[in-house]
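Here is the structure we will look at, set down as structure tokens.
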Amino acid sequence: MKKLIVCSLFLLLTLPLTSFTQDSTFIREHYTKHEFQIPMRDGVKLFTIVYVPKDTEELHPFLLTRTPYSIGPYGPDNYAKFLSNLNRNYWQRSYIIVNQDVRGRFMSEGEFVNVRPFIPNKKSNKDIDESSDTYDTVEWLLKNVKGHNGRVGVKGISYPGYYATMASIDAHPAIKATSPQAPVSQWMSGDDFFHNGAFLISHSFDFFVSLGWPRSGPTQQDFRPFNHGTPDGYQFYLNMGPLPNANKWYMHDSVAFWNDMMNHGTWDNFWAERSVLPHVKRIKPATLVVGGWFDTENLYGALHLNKQIEQDLQTNKNSFVMGPWAHGWWSTNNLDSLGYIKFGSNLSNFYAEQLEVPFFEQHLRDKGDAKIAEATMFMTGANEWKRLGSWPPKNLRSRKLYLHAQGKLSFDPPNARGTEYDEYISDPAKPVPYTREIRHWYNAAFMVEDQRFASQRTDVVVFQSDVLTENVTIAGPITVNLTGATSGTDCDWIIKVIDVFPDTTATPRGTPAWVKLGGYQMMVRGDILRGKFRNSLAKPEAIKPDTPTKFTFDLQDVLHRFKKGHRIMVQIQSTWFPFADINPGKFLDIYSAKESDFQKTTQRVYHSSQFDSHLIVGTLEE
């Protein structure tokens, strides 16, 4: 619930004060609000709010959003009070707006199951999942709500994005278009709480300590605010110590899914049955998959859902949008930047007016021809939208970006032989922070944050190219091939790809005095690998101490231009706190680790011709 509160607060801050009154008045004048308990095939009733346009001159499409985060305000006379610029489009076009509390959340009956497994071959009315709940909801709406045109669109961001995906699987024939946005797709691999086997402690704890508690029945208040007792998230999680303390001190065995995560620290059937991706087949509704390049939570979900849909396009028309956004920020108002990085235009308006609204208008109303490209991608660095025929682009040149001695970075392979390396000591008592801000998990701008605070530390090694004499544009996935070693039997590897601005870069007016864009080290992409999972998430393997070992993993996709006069930088470290939990440096079950298990380790990064380390990137020939 904290995620919802933070995102909603940001949205509120972007709205003019007058919009509250204007939106509330508009909705009351043009819509009638209904509250329904819609029965599912197993008898459980889901609480649903339906806003029906008073305009009866034409028939209207449904726009459905299903969420675990509350559809309030509740009460037949308690109308919605404000709208984002994006969503205002649908109200002004007289869509029938439908919002539903999913099974087991807020005012709906039943039991809530996190990422409820899909049942492909249902044999009775007791076999229910989110796909069947959506199907039953649509069937009921068609029969019981007047004034519709027989077409349904489904959209949602983050967890609601997952429900939009599930609406696309075994979809009701009336569902003509869906838009899964920053969707949860495969926990454990790369969405939300785990990245390549590393546990994202601050996000996971803050989410479940607020949202994961059991309830006795339907309620309008289905979360518990949590007081950390300090604004300093780094210190809070450092004080909390090993992961078992989260349950011991705060949750007391009451948050079932937290214990599930602690008990399933490797890929197994528990996670496999919760993966959406294997079931994304023969999707019939048109789909618009949306994500943000700087989404800390569900970048993986957007990229991999799009990839999965594209692999099976027998009847589906799919389009893909990626912009320079944090989690869900395409739905906010008048957005043109992230942190102190400006993108040169109103990205929110472009998205609403050129992409999402035309998509639904075309498929739900036969109005216009959206002509949305197969992939509409924002190129950071150049600050340009690109309309592409595929993602990744087909005209890519695969190149290797090598680490060299003396902190050099080059597309040329190293000449030095032997076992040349850089090394650093990683101390679990003094981990590298993921941000210079004093935050808990939700510092949305950290993915473009100036990394100079990290590059100055002795437990971060830095490799940097010469000043570029021409533009270098990279597109598609970045693959890490690192030869490293540790004095322990396990360690984490955090790899960050950074755009280093020229020292002469001017800082715009209105920027805080401590922010200088001259020499700014903008993170373009960064991610983490827990070393023991280097070969498999299902079968972790100890690392042989002080032995050169290959570590290979993907950093996810990018579309970024490193401009002439800039430099390319790579930073490598072994802690990223409290974005990720701290690796003890020992091969063990981290979810039952003790204080005494944590030790300092010495990491080595090799960069010789015999033991090379490099990134594989696709450069776009323009």
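What follows is calculated from the coordinates using simple rules that are stated; it is not laboratory data. Small disclaimer: the values here were computed from a predicted structure and weren't measured. Positions of Cβ are backbone-derived with ideal geometry, glycine not excepted, and every protein chain shown enters the neighbour counts.
Step by step: find N for the stretch 39-172, compute 2.2 N^0.38 Å, then divide the Cα radius of gyration by it. What's the final number?
Numbers: Rg = 14.7 Å, N = 134, 2.2 N^0.38 = 14.1 Å.
Scaled against compact globular proteins, the figure is 1.04.
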Under 20 Å from a point placed 7 Å out from the Cα of A538 along the Cα-to-Cβ direction: which residues of the stretch 178-207 have their backbone N that close? 185-191, 194-198
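For the stretch 384-467, just say rounded, prolate or oblate: build the C-alpha gyration tensor, square-root its eigenvalues into a ≥ b ≥ c, call rounded for a/c under 1.5, and beyond that prolate if a/b exceeds b/c, oblate if not.
Numbers: a/c = 2.64, a/b = 1.09, b/c = 2.43.
Note, shape of the stretch 384-467 comes out oblate.
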Amide N proximity, the stretch 325-366 versus N383 label position 7 Å along Cα-to-Cβ, cut-off under 15 Å: 325, 335-348
Difference of contour (0.36 nm per residue) and Cα-Cα distance, F270 to F350: 24.8 nm
Normalised by the number of residues in the chain, what is the relative contact order in percent for Cα pairs under 8 Å and 6+ residues apart? 15 percent
Highest mean first, what order results for 604-617, 504-517, 345-358, 219-232 on Cβ atoms within 10 Å? 604-617, 345-358, 219-232, 504-517
Between the stretch 510-560 and the stretch 464-493, what is the separation of their alpha carbon centroids in Å? 8 Å
Under a plain spin-label model, where a point goes 7 Å from the Cα along Cα-to-Cβ, how far apart in nm are Q235 and S609? 5.3 nm
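Test of understanding: what is the full-extension gain from R436 to D597, defined as 0.36 nm times their sequence separation minus their Cα-Cα distance? All intermediate terms of the calculation are to be shown ahead of the outcome.
Details: separation 161, 0.36 × 161 = 57.96 nm, distance 2.77 nm.
Full-extension gain reported as 55.2 nm.
Taking a cut-off of 24 Å, what percent of all Cα-Cα pairs in the stretch 396-620 are separated by more than that?
On the way: 11129 of 25200 pairs.
Cα-Cα pairs of the stretch 396-620 separated by over 24 Å account for 44 percent.
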If packing is taken as the average count of other Cβ atoms within 10 Å, what order do 524-533, 124-133 fall into, highest mean first? 524-533, 124-133
Between K126 and A405, what is the label-point separation in nm under the 7 Å Cα-to-beta-carbon projection? 7.0 nm
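Counting each DSSP H run of 4 or more residues in the chain as -39500 (n - 2.57), what helix-only mean residue ellipticity at 222 nm follows after dividing by all residues, to the nearest 500 deg cm²/dmol? Could the numbers behind the result be given before it?
Working: 13 runs with 120 residues, N = 622.
One gets -5500 deg cm²/dmol as the mean residue ellipticity at 222 nm.
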Please enumerate, by chain and number, the lysines with C-alpha under 22 Å from the C-alpha of K54, excluding those fewer than 8 residues away in the same chain. K33, K81, K143, K146, K367
Listed values (1) 118, 68, 46; (2) 77, 53, 49; (3) 89, 66, 41, entry calculated as Cα extents along the principal axes in Å: (2)
Rounded to whole Hz and in sequence order, give me ³J(HN,Hα) for the stretch 323-331 from the Karplus expression 6.51 cos²θ - 1.76 cosθ + 1.60, θ = phi - 60°, writing x for Gly and Pro. x, x, 10, 7, 4, x, 6, 5, 8
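Students often check this: by mean Cβ neighbours within 10 Å, which of 150-161, 545-556 ranks highest, and how do the rest follow?
Details: 150-161: 25.0, 545-556: 16.5.
Result, highest mean Cβ count within 10 Å first: 150-161, 545-556.
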All lysines inside 25 Å of K516 as judged from Cα atoms, apart from same-chain residues fewer than 8 positions distant: K342, K408, K496, K563, K564
Over 18 Å apart: what share of the alpha carbon pairs of the stretch 551-622 falls there, rounded to a whole percent? 62 percent
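What relative contact order, as a whole-number percentage, does the stretch 267-380 give when Cα pairs under 8 Å and 6 or more residues apart are counted? Present the calculation step by step, with values, prior to reporting the outcome.
Details: 152 pairs, mean separation 28.2, N = 114.
This gives 25 percent for the stretch 267-380.
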The alpha-carbon center of the stretch 37-70 and that of the stretch 127-186 are separated, in whole Å, by 11 Å
Gain on full stretching of the segment that runs from T219 to T25 - 0.36 nm per residue minus C-alpha separation: 67.1 nm
